[in-house]
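In what follows, a single structure is set out as structure tokens and then discussed.
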Amino acid sequence: MTEIIEAIKRSAKRIAQEIQTTDFGYHEGTNESGEQQLKLDVRSDLIIEEELAQVSSIKLLASEEKSDPITINEEGRYLVGYDPLDGSSLVDTNLSVGSIFGIYEKSFNGPDLLASAYVVYGPRVELVTATIKAERFILQGDDFVYLQELALKDKGKINAPGGTQKHWYPHHKKLIQSLFEEGYRLRYSGGMVPDLHQILVKGGGLFSYPGTTDKPSGKLRKVFEVFPFANIYEKAGGNAIDDLGRRLLELPAHEVHETTPCFFGSSYEIQKVKEYYGQA
Ligand code: AHM
Ligand code: MG
């Protein structure tokens, strides 16, 4: 596990450098979700593959940018699912982006996730890991320096509602509106890494990416995005559920690119989600 985290740190430093220097143009091709890939998506994917391929305890790698998992070492214990550059469509606007990693054993199902991590490329480069606790590190020079344990309070002040409002279901509109009526503030950049990071650092709130009339299963992918963040939120004392009120980490992934509606927050906001979704 330590070796994997070290490989993640090496890739984070290389990707941070790449963001500074690679142009923002498109690569010729789309990913499995049908999204056009940037050169930066493809470069970041290669960097992570190169670094993680050096870790002999890894059996399989699955990436948001690859159709199928690739084998690293048949005898390896761990399976790693990653999103090399989440929110990359924001790079041209100079907003923050991130990399997300889930470390699994046996399968890419939620219950088999052992640990997770993400990197935020913003004004600073930060790393958050969740093995036993959720811990925050900041890149200073060549080292990731420990900053703090991340712990959510029972209730926050931030509302980060994803998805296109035109396609929200009526009960979801009511949930979001009710939080604003309680005094919650809108904080949404469109990058799930900085949006979820902000809630963790400020101590609470709700990030939602619901199922919508055009995308009933939502947009965010279980293996690369949802399960890793669910683990981090739970380790920080928060909750992470789907639209049926189930713990996200109890869900299976029938294939690695599968998506799910998802809600991450402190306990108060997650209780509100359950009420408005009829699961309380
Ligand atoms: P990506 O992995 O292709 O970058 O997509 C994931 C991103 C998340 O960071 C963000 O929460 C979401 O897409 C926003 O999507 P949209 O703007 O389509 O609602
Ligand atoms: Mg992504």
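The values are calculated or read from the model by the stated rules, or taken from the named source; none is laboratory data. Model, not experiment: these values are computed from the prediction. All Cβ positions, even for glycine, are placed from backbone atoms using ideal geometry, and neighbour counts span all protein chains on display. These accessible areas exclude ligands, DNA and RNA; they are computed on the full protein's heavy atoms, side chains included. Shrake-Rupley method; radii C 1.70, N 1.55, O 1.52, S 1.80 Å.
If a residue has to be away from ligand 2 (no atom under 16 Å from the Cβ), buried (at least 21 other Cβ atoms within 10 Å of the Cβ) and acidic (Asp, Glu) to count, how many in the range 198-257 make the cut?
2
Which of the residues belonging to the range 258-267 are buried (at least 18 other Cβ atoms within 10 Å of the Cβ) and either over 18 Å from the mean Cα position of the chain (by Cα) or not in a loop (DSSP other than H, G, I, E, B) (or both)? Walk me through it before giving the result.
Filtering the range 258-267 down to residues buried (at least 18 other Cβ atoms within 10 Å of the Cβ) leaves 259-266.
Matches in the range 258-267: Thr259, Cys262, Phe263, Phe264, Gly265.
Kindly indicate which of Gln37, Gln17 is open to solvent by 80 Å² or more (accessible area, probe 1.4 Å) and at negative phi.
Only one candidate qualifies: Gln17.
Mind checking which residues of the range 151-206 are acidic (Asp, Glu), in a helix (DSSP H, G or I) and under 29 Å from Phe101 (Cβ atoms)?
Asp195
Looking at the range 240-280 only, could you name the residues that are closer than 23 Å to Lys153 by Cα, touching a Lys or Arg at 6+ places or on another chain (Cβ under 8 Å) and at pLDDT 95 or above?
Selection gives Ala240, Ile241, Gly245, Leu248, Ser266, Ser267, Tyr268, Glu269, Tyr276.
Output the qualifying pairs, or none if there are none: Cβ atoms under 8 angstrom, residues six or more apart or on different chains, first residue in the range 139-156 and more than 16 Å from Val119 (Cα to Cα), second residue of a type in the set (A, V, I, L, M, F, W, C).
Ala151/Ala134; Ala151/Ala236; Leu152/Ile199; Leu152/Leu200; Leu152/Ala236; Gly156/Ile199; Gly156/Leu206
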